[in-house]
Amino acid sequence: RHNSNSQRVILKRITLGTTGLYKCEVSAEAPSFSSVKGDGYMEVI
């Protein structure tokens, strides 16, 4: 069984319509609350 972790996200039951631009933001806990944002295009083939 494959699960998402801190390095990757596992997507299940996707379709060709899932293709598109995705954004992600990860935030740290207190006291810093720093965050990192990113985006990327995913194409389902």
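Using only alpha carbon pairs under 8 Å that are at least six residues apart, calculate the relative contact order of the chain and give it in whole percent. Kindly include the intermediate steps, with their values, before the conclusion.
Details: 46 pairs, mean separation 16.4, N = 45.
Relative contact order here is 36 percent.
Note on the chain: Rg/Rh from Cα positions, Kirkwood definition for Rh, rounded to two decimals, is 1.07.
Read-outs throughout are calculated quantities, based only on the coordinates presented, and are distinct from any laboratory measurement. Everything quoted here is computed from the prediction, not taken from an experiment.
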